[in-house]
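What follows draws every value from the coordinates through simple rules; no lab data is involved. Every value quoted in this text rests on a predicted model; they were computed, and no experiment measured them. Here the Cβ is made from the backbone with ideal geometry for all residues, glycine too, and neighbour counts use every protein chain on show.
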Amino acid sequence: MATFSQQFLANLGRPQFAQGMFGLGQAIGGIPGQLQQNRLRQQMAQFDTTTLAGRKGMLQSQLEQEENPQQRLALGEKISQIEQQEQAEELRRTQEENVTQLANQIETELEDPLLANLLRSNQATPTQGRAAIQEHNKAKAVAARGKAAQLRYLNSLGLGDSPLKAQIEAGEYEGVDEASFARLVTNMQKSDKEAKLIAELGKRGEVGQQVAEELELGIITASQITDRFQKLSAGEPTTKYTNKQRMVLDGKVVWTADVTKPGQDEFPGYMDPETKEWKPVDAERLQKITKDQQQSLKDIDRSDLIIAATYLGKDSDYTELSKGEQDQAQFKFAFRVNELIRNKEVDSVEEAYEMAYEERGEFKKKGFLHGSLDLVKKIAVRLLTGEVVQNLKKTLTNISKKQNKYRNSKEPQWLLKSN
């Protein structure tokens, strides 16, 4: 039988000793709980609580070890909330991917980087993007059905009075590449809407007139009209310009004016074709445009530039140009078409477009505008000596029929279906 020493039995009667033994018992009894808490902390450290997946994993681990029904219920509710957040996040990612794909499709198939960028920046909705693609595909189908269907479609869009109608009536777009026709009609439709918008803005006082002019100059886009109108109406400082006119700078047709920016003195400036910003310019670098040429410039509208872009679009040199350089090429192309018609050097509008395309290499020269009269004389000589084919094809249908014959020549073969 175990025996205890007299000293041990005596210590039991002392309160200090009894308290010490009680604390020891508590410490020994608490060891399993401490070990469990340490293991739990180690498990929790494995989860990244800055992410939904990490927080969800941590709560699920706690749930596995929790026995209290109320605590388990609370943990389950938290896990359910995180799962809802995960679903919402997955939906958002899917929508972003869909918008990116939609924007890329619009940029490549419709060749409309403006709408694509509006989609990417959430300034246009996916519904608007899908509607644009649907309209593009509809126009492609119409192009394949021939002249009658093309005319009906043009009238349905309110473009019955556009220059395009006469060309379609002449059969010029029978057999053309459907995608090119669709882009042409879409751009004509946008141009028509923008022209009506500019006219309407011009009726809305000084602020409306300024917004209309900025839209026409390309300083703002149609999607920025409301914001710009509000800022100007609120008295936001803005750039002022007077004596606005077109002049030639380093071979480019640019807008010039006496410009006053907020907080700056007035300076002679020009609008940079690339950035659409007013920049200072040395007046000696500017060249005036003759009165006849000024009239040709005034006759150019957006529909002329759109058709010019369509003609030039199949030239690889043109497609590799920057946006500003493409604008210049379109402008010079349209200028040359108007000049050919005004000088009665051609028998039809179609002939003017054909000849302008043949001369597109001249557009790259800095002295193109000032040398245009000399160019006319050179062309006249070439016509008399037979260097230029006099029987220019009247329609794109004729080009299509002779596609194989001219495959390796320099004749324009754009807007044709690929074999």
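Miscellaneous remarks
- From largest to smallest, the equivalent ellipsoid semi-axes obtained for the range 43-191 from the alpha-carbon gyration tensor read 58, 13, 11 Å.
- Between the C-alpha center of the range 68-101 and that of the range 169-238 there is a gap of 44 Å.
- Burial order of peptide ranges 166-177, 78-89 (average beta-carbon count within 10 Å, highest first): 166-177, 78-89
- For the range 193-266, the spread of Cα coordinates along the three principal axes comes to 35, 33, 19 Å, biggest extent given first.
- If you model the range 146-238 as an ellipsoid using its alpha carbon gyration tensor, with each semi-axis the square root of five times an eigenvalue, the axes come out at 36, 12, 9 Å, biggest first.
- For the range 267-320 and the range 104-129, distance of Cα centres in Å: 26
- Diagonalising the gyration tensor over the Cα atoms of the range 239-288 and scaling each eigenvalue by 5 before taking the square root yields semi-axes of 18, 11, 9 Å, largest first.
- Residues listed by number, the range 85-125, amide nitrogen under 16 Å from Ala53 label point at 7 Å toward C-beta: 85-91, 93-94
- Ratio Rg/Rh [Cα only; Rh per Kirkwood] for the range 284-346: 1.01
- Cα gyration tensor, the range 170-218 - rounded (a/c under 1.5), prolate or oblate: prolate
- Quarter of the Cα convex hull surface for the range 119-179, i.e. its orientation-mean projected area (nm²): 4.8
- Neighbours of Thr242, meaning other residues whose beta-carbon lies under 11 angstrom from its beta-carbon, give a summed charge of 0 when Lys and Arg score +1 and Asp and Glu score -1.
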